[in-house]
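The values are calculated or read from the model by the stated rules, or taken from the named source; none is laboratory data. Treat the numbers as computed from the prediction; the structure is a model and nothing was measured. A quick note on method: Cβ atoms are made from the backbone with ideal geometry, for glycine too, and the neighbour counts reach across all protein chains shown. Just so you know, the surface numbers come from the protein's heavy atoms only, side chains and all, with ligands and any DNA or RNA stripped out. Shrake-Rupley method; radii C 1.70, N 1.55, O 1.52, S 1.80 Å.
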Amino acid sequence: GVPFGGLKDHIEKASFRGATLEFHREVTESVTVGVNVGYSVFYERKDYDSYTHGTATVTGIQYRYDNVFPMLVNAHYTFGTGSVIPYAGLGIGTVYDLRNTDMGMYTLESKNWHFLITPEAGLIFDLSASMSLKLNAKYDNAFKTSDADGFGNLNINMGFVFNSW
């Protein structure tokens, strides 16, 4: 995942930590609908410096964590048939964002729920009648709340699709 917006303000580094589970049901030959749940972890160590939060300024090394849990209802549209199938999709739901900044024995923590829209595009490579390889890019667009800034997260994913029905 690559952070954007309020997430990038907290953690600038990309992360390779995360997992997603999806379940889809075919509605027509080209359209599927389903659900998606995921988990991404972002981490960054900040050098010894002075940091201000509200009216307090503290000096030391910071360890920043962001745990993101998206939960979506989504739909995909496939373009054609064959051994490589391009698709586009859109997900709508919510994301729980648990954000920590640790400094010595102190932790600043925020917990927020955001409305989430996730456009997606990818390719499905048929490996056999019951399994495919899926490559995609998604952009999690979490909207601003009364307590937290909005943020973005560009995900590049690779996974397996098991066709059981």
Notebook entry, point to check: Which whole-angstrom value gives the distance between the alpha carbon centres of segment 84-126 and segment 23-76?
Noted result: 4 Å
Note to self: Which one, Met158, His114, Phe143, is farthest towards the positive end of the dipole of segment 97-165 when Lys and Arg carry +1 and Asp and Glu -1 on their Cβ?
What the structure shows: Met158
Notebook entry, point to check: Which residue fluctuates the most in the chain, going by a Gaussian network model with Cα springs under 10 Å, if the choices are Asp140, Asp102, Asp49?
Noted result: Asp49
Notebook entry, point to check: Of the heavy-atom accessible surface of the chain (probe 1.4 angstrom), what whole percent is carbon and sulfur?
Noted result: 61 percent
Next item on the list: Using the Cα centre as the reference, give the magnitude of the dipole from point charges on the C-beta atoms of segment 94-165 (Lys, Arg: +1; Asp, Glu: -1; all else neutral), rounded to the nearest 20 debye.
Entry: 140 debye
Note to self: With θ taken as phi - 60° and the coefficients 6.51, -1.76 and 1.60, list the Karplus ³J(HN,Hα) couplings across segment 86-100 in order, rounded to whole Hz; mark glycine and proline as x.
What the structure shows: x, 8, 9, x, 8, x, 9, x, 9, 9, 9, 10, 10, 10, 10
Next item on the list: Starting from the Cα of Tyr51, step 7 Å along the direction of its Cβ; do the same at Phe23; then give the gap between the two resulting points in nm.
Entry: 3.9 nm
Next item on the list: Would you mind checking segment 79-98 for residues with the amide N under 15 Å from a putative spin-label position 7 Å along Cα→C-beta of Leu123?
Entry: 79-88
Next item on the list: At a 1.4 Å probe radius, which order do Thr52, Thr59, Thr94 fall into by accessible area, largest first?
Entry: Thr52, Thr59, Thr94
Item checked: Probe 1.4 Å, accessible area per residue of the chain, Å² -> 60 Å²
Checklist line | Protein-only accessible surface order, largest first, of Asp9, Asp66 at 1.4 Å | finding: Asp9, Asp66
Note to self: Taking the alpha-carbon distance from Lys13 and a cut-off under 21 Å, which lysines remain once sequence neighbours fewer than 8 residues away in the same chain are dropped?
What the structure shows: Lys46, Lys111, Lys138
Item checked: Global size of segment 17-100 as Cα Rg and Dmax, reported in angstrom -> 19.9, 60
Note to self: At 1.4 Å probe size, put Glu22, Glu120, Glu12 in order of accessible surface, largest to smallest.
What the structure shows: Glu12, Glu22, Glu120
Notebook entry, point to check: Rounded to the nearest 0.05, what FRET efficiency do Leu108 and Val2 have when you use their Cβ-Cβ distance and R0 = 22 Å?
Noted result: 0.40
Check: When the dipole is taken about the Cα centre of segment 1-143, and only Lys, Arg (+1) and Asp, Glu (-1) are charged at their Cβ, what size is it in debye, to the nearest 20?
Finding: 120 debye
Next item on the list: Treating cross-link reach as a plain straight distance, find the aspartates and glutamates whose alpha-carbon is under 19 Å from the alpha-carbon of Lys134, omitting any fewer than eight places away in the same chain.
Entry: Glu22, Glu26, Glu29, Glu120, Asp126
Margin query: Normalised by the empirical 2.2 N^0.38 Å for globular proteins, what value does the Cα Rg of the chain take?
Written below: 1.22
Note to self: Shape verdict for segment 63-156, please, from the Cα gyration tensor: rounded (a/c under 1.5), prolate (a/b greater than b/c) or oblate.
What the structure shows: prolate
